[in-house]
Amino acid sequence: AGLACAAVLRRAGVGVTVYDAADKAGGLADHGIVPWRLPRETVATEVAEVERAGARIVTGSLVGRDVDPAALLAGNDAVVVAIGLGRCKPLGIPGEDLPGVVDALDVVGRAITGAAEPAIGRRVAVIGGGSTAFDAAAAAVRLGAEEVTLFYRRSEAECPAYPHAIDLDA
């Protein structure tokens, strides 16, 4: 959302600076969507287009730590907050803090970077019905899981995942 906003604002002639806490711009598109759904080259091209349009992108810069929020507000006509998806929501169930229970975005991130460690395990359970859950399930298989089961509280017809994310043959 932040990059899309920056692109629209630049088309309107507005000066834009994007602050990204990550070392690489692109947000969820870069580090939260598996590469077989959204190739990294596509994300890099989109980031480069926003920069070519004149937006300034500052990576590795966390607002509140590296950038003073009051200075942002004082030095700009408007501030758009597009903080993206940080972590998956805790379920609030016993055992979710046990070793071996990991955030789906961590599994997806490992599929993106190709990290083989720590081992994913032979049998993996994924809880959820959104696109990230399906991407995590497919990523677990690609990371070596022999059996992956996806648990969702509603029916298949009510599953909020995009149809292309459900197609695990991708």
Restricted to region 16-37 and to residues being free of Cβ contacts under 8 Å to residues at least 60 places away in the same chain, in a loop (DSSP other than H, G, I, E, B) and in contact with an Asp or Glu (Cβ under 9 Å, 6 or more places away or on another chain), the residue farthest from residue 111 (Cα to Cα) is 21
Would you say residue 48 is in a loop (DSSP other than H, G, I, E, B), within 18 Å of residue 5 (Cβ to Cβ) and of a type in the set (Gly, Ala, Ser)? no
The lone condition residue 124 fails out of (1) exposed (fewer than 11 other Cβ atoms within 10 Å of the Cβ); (2) at pLDDT 95 or above is (1)
Residue match in region 38-59 (condition: over 22 Å from residue 105 (Cα atoms), exposed (fewer than 14 other Cβ atoms within 10 Å of the Cβ) and either of a type in the set (Ser, Thr, Tyr) or modelled with pLDDT under 95 (or both)): yes
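Each row is one residue, and each column tells you yes or no for (1) more than 15 Å from the chain's Cα centre (by Cα); (2) closer than 29 Å to residue 164 by Cβ.
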residue: 2; (1), (2): no, yes
residue: 9; (1), (2): yes, no
residue: 16; (1), (2): yes, no
residue: 21; (1), (2): no, yes
residue: 26; (1), (2): no, yes
residue: 30; (1), (2): no, yes
residue: 51; (1), (2): yes, yes
residue: 57; (1), (2): yes, yes
residue: 63; (1), (2): yes, no
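The values are calculated or read from the model by the stated rules, or taken from the named source; none is laboratory data. Nothing here was measured: the structure is a model prediction, and the numbers come from that model. As a convention, Cβ positions derive from the backbone with ideal geometry for all residues, glycine included, and neighbour counts pool all protein chains shown.
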